[in-house]
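Data block below; observations after.
The values are calculated or read from the model by the stated rules, or taken from the named source; none is laboratory data. Because the structure is predicted, anything quoted here is derived from the model rather than measured. When we count neighbours, we look across all protein chains shown, and the Cβ atoms used for this are built from the backbone with ideal geometry, even at glycine.
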Amino acid sequence: MARPKFGLSFFQKRLIISITTQEVFMGMIFVMIISSVAGYIGWWIGDFFGFAAALMCSSIASVIGYWYGAKWNREYFS
């Protein structure tokens with residue numbers, strides 16, 4: 001069987017996913033979705049003032065969204 005030149009092999013992918021439990025993995029997905037939505041809203045607000053403001057607002061909103069996503073994940077799903 002030929003080894004892939006780039007990326008992870010099938011066994012390595014399964015090993016990375018199996019390190020965490022399904023609940024932890026789904027919690028990470030939930031946090032990333034909340035963070036992405038908050039970043040989009042921050043970009044939308046900052047875009048009225050220009051590219052640099054959009055980038056700054058998006059970054060700040062993503063961090064705040066990550067914090068709230070982790071908080072909501074702990075409170076409602078754990």
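For every residue, the table says whether it meets (1) at pLDDT 95 or above; (2) of a type in the set (A, V, I, L, M); (3) touching a Ser or Thr at 6+ places or on another chain (Cβ under 7 Å).
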| position | (1), (2), (3) |
| --- | --- |
| Phe10 | no, no, no |
| Leu15 | no, yes, no |
| Met28 | no, yes, no |
| Val31 | no, yes, no |
| Gly39 | yes, no, yes |
| Gly46 | yes, no, yes |
| Ala52 | yes, yes, no |
| Ser62 | yes, no, yes |
| Trp72 | no, no, no |
Applying the selection to the stretch 33-78, what residues are among the acidic types (Asp, Glu) and farther than 29 Å from Thr21 by Cβ? Asp47
